[in-house]
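Laboratory data are not the source of any read-out in this text; all were calculated from the coordinates shown. The shown structure was predicted, so the numbers you read here are calculated from the model rather than taken from an experiment. Reconstructed Cβ throughout: ideal geometry from the backbone, glycine too, with neighbour counts over all protein chains shown.
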């Protein structure tokens, strides 16, 4: 039992959190990718840009960047899911064997 | 059908049971669980009742079971659950069970007694062994010194004298608890004025206390002293400190022999102890298998005898008489249980059931299933419905989740709640089997269907508010567009979208247009929209509540109240507040940017609230140029008429019912004496003598017209309080529904703030570092969403919904003065006791 790092509650919490994270962050990534207007407010924009072309370029790159960031974060949650799933399984098994 | 509409009809029945069949019959009734017994000897104290001895026997058996259970738990033996709970044992089995319990208890008692004795022996021997082993070192050191002095003394001339003194150097060896050592040492030093030489060493391993099984740490000591007097003093001190003294031979070889002897004895004892332990384990395992079913049987027996104690003995002592409330629908079941009961004991004379008439208010019984149970609990928490009163729980099933959802409108949060509720509903059976002592979890689990419905309704209102974690979704395509060109857009920081140019005059398919999420005046718009919604829902909800009172008046044969109370109430409410709702709708329909007429364009729309205040205060505001003060022709006149009619309703509410009752009581005064003559408990006997119509009339009159007997002044005061309360409450309750708007606003703003303060932190980066930041930010955002937005806000919205139902809705028709039907049922008794454990 070297690999048991967290207890049954923490691993369950991680499991639920990562499932939620994967679903929501993947969807948010998709929405950033298709340039959803509702998410415009969250983009990192420079308030001093007044040129229209520059502004549009910045928005475009912001959307793409955020889409990628969301998917990467979703991948990180996949890793979390695997780890906490493994922990959960170990915890369950150890409680059964006891 | 109609099971939820009002509580079930109850009948007061008398049971006549043969004494032999009593036990089995009551057992059957307990299994059926549909009768509530009444105490027929309330003034007899608990020790003088008929079945006291049996109850005592059950108590004794319970005590034994508790002892056995404690022993079983002490040894950590698993007690298996019973699959099918056993029925109450019949009297012959009781004796067997009693004997069996007695035997088991004695066996376990003896075993533990023996075990304690053996362990005591074992402890003493271990201590002795330790004393012998540890003192070895002391004596060796002592002897070396002794040898030195001996050789010295041999050289000197006074050898004989020295020998004599040395011969009197005695010692005492023993074991004392470690925490007592310092005090013990000091005491020895004091009584001997420093003439005692104490050597001690701690035992490394703790010893086991034979009686309690606790670990105790002890210290071995040897006290050297001179003189008999000192010896007796030291012994006294040892006794005072509970130190156990062991004989320790002074010579080395004797000690070695003794250690050997002790060791072999210890080994033997260990073997015996192991065997005892095995035997005990075997006994306990075999008992543990039966334990659960025995304890259920005993508890059932005890419940039966307690119930039998409520019964009355017939004068001839030939049968037991009991009185009970039974739902009329369950009468056949009760009959069947009685027949089964008398068959079970082979009695030749059947027991029988006789319904009797009574003036007493029967208990309230709403038959619920697992879905409606939660909602019925919400209502019962306010007050149990009066007998056969209209049951608000039926409507609560829909209105409760709906009003909750108006305050909790967010698709994302609703989905979380619905998933949680859905999981509890799907896993219902396995979750219910896992009995938990966690109070919060039990509350959630009991309300699983409410949570599920609240979640689903919140998803719907979230869709209407177009809110998912404070973001809007453009599903059906926004019907607004930007009419400005790029030059205008770049030169202005903020622009107003005039609906005339920017709106295609087709509303968004469902709910709020997503364009509002990006608007600066979003909150102003939503406030006006949600405030109107809450007033509309509130007025409809209250009107519904007032209408429910008709059902009660009609059922309780107080038809005069429909005219004297209900109609003035509903007229008052409708003419003032339903009219306001009407104005809201009219304003929405009549005024538009696209309107041709100037008076109906957007700038001219009057404020509904100002119009309403003007109507109440008879004042007026002069409209701006081109606009009209009122929304339609002769609105001013209509308003004046409405207000006057509404005001006229107040005296009707105030005086109508008291005056009617006054005149009615005058008319019926001559008939009264005859009526009250028949008002005896056993109405059956009177039936032949009195007029049938009168008899039929009487119980209803007694049940419903509790006011009729009161003096006029009392009635008048009651009515005045009711009227003032109603008139004031229509205004305050309407305002109270504004909490729907306030909480919904708070919820939406809180979730927006959470998104902007926490999750946005991870979305503000140009590089890929943002991904890691987002990972962390999402974790915190998710936790806060759960803890604050779903749990805390959910709880507050729940409480406000509860208040809206209890105060604003139920005050219109619900009196809630009944008492709950508590049937004699083994299942509830066992569950209750399990919870107490």
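Brief remarks on what is shown
- Estimated from helical segments only, the mean residue ellipticity of chain B at 222 nm is -19500 deg cm²/dmol, where each DSSP H run of four or more residues counts as -39500 (n - 2.57).
- At R0 = 22 Å, FRET efficiency that the Cβ-Cβ distance of residue B:209 and residue B:282 yields, to 0.05: 0.35
- Calculated from the alpha-carbon coordinates, the stretch A:8-97 shows an Rg and a Dmax of 18.7, 68 Å respectively.
- Panel order for B:188, A:40, by other beta carbons found within 10 Å of each beta carbon, from fewest to most: A:40, B:188.
- Taking each residue as 0.36 nm, the span from residue B:586 to residue B:667 lengthens on full extension beyond its C-alpha to C-alpha distance by 24.1 nm.
- Spin-label model distance (nm) - residue B:317 vs residue B:610, 7 Å beyond Cα toward Cβ: 9.2 nm
- Each label was represented as a point 7 Å from its Cα along the Cα-to-Cβ direction; for residue B:735 and residue B:66 these points are 5.7 nm apart.
- The slack in the chain from residue B:275 to residue B:655, taken as 0.36 nm per residue of separation less the alpha-carbon distance, amounts to 127.8 nm.
- Once the Cα atoms are used to define both axes, helix B:608-617 deviates from the longest principal axis of chain B by about 80 degrees.
- Separation of the stretch B:402-422 from the stretch B:49-106 is 49 Å, based on Cα centroids.
- Taken over the stretch B:12-75, the alpha-carbon convex hull comes to 140 cubic angstrom per residue.
- Least to most buried among B:580, A:28 (fewest other Cβ within 10 Å first): B:580, A:28
- Which of B:246, B:529, B:465 has the fewest Cβ neighbours within 10 Å, and the rest in rising order: B:529, B:246, B:465
- Pairwise FRET efficiency - residue B:481 versus residue B:638, Cβ, R0 = 41 Å, nearest 0.05: 0.50
- The stretch B:488-544-the stretch B:195-236 distance, computed between alpha-carbon centres (Å): 89 Å
- Inter-part distance, the stretch B:556-627 to the stretch B:746-770, computed on C-alpha centroids, equals 43 Å.
- Over chain B, equivalent-ellipsoid semi-axes from the Cα gyration tensor in Å: 79, 49, 24
- Each label point was placed 7 Å from the Cα along the Cα-to-Cβ direction; for residue B:506 and residue B:599 their separation is 3.3 nm.
- In degrees, nearest ten, helix B:393-407 long axis to first principal axis of chain B (Cα): 90 degrees
- Short to long, the 10 Å bins of the Cα pair-distance histogram for the protein assembly as shown hold 2, 8, 11, 13, 13, 13, 12, 10, 8, 5, 3, 2, 1, 0, 0 percent of all pairs.
- Residues of the stretch B:472-491 with amide N under 16 Å of the 7 Å Cα→Cβ point at residue A:50: B:486-491
- Label-zone membership for the stretch A:71-88, site residue B:430, 7 angstrom Cα→C-beta point, backbone N under 17 Å: A:88
- Sequence-distant contacts, meaning Cα pairs under 8 Å at least 6 residues apart, place the relative contact order of chain B at 20 percent.
- Estimated at 0.36 nm per residue, the fully extended path between residue B:358 and residue B:621 surpasses their Cα-Cα distance by 88.3 nm.
- Computed E for residue B:107/residue B:190 - FRET, C-beta separation, R0 45 angstrom, nearest 0.05: 0.30
- The angle between the Cα long axis of helix B:579-590 and the main principal axis of chain B comes to about 70°, on a 0 to 90 degree scale.
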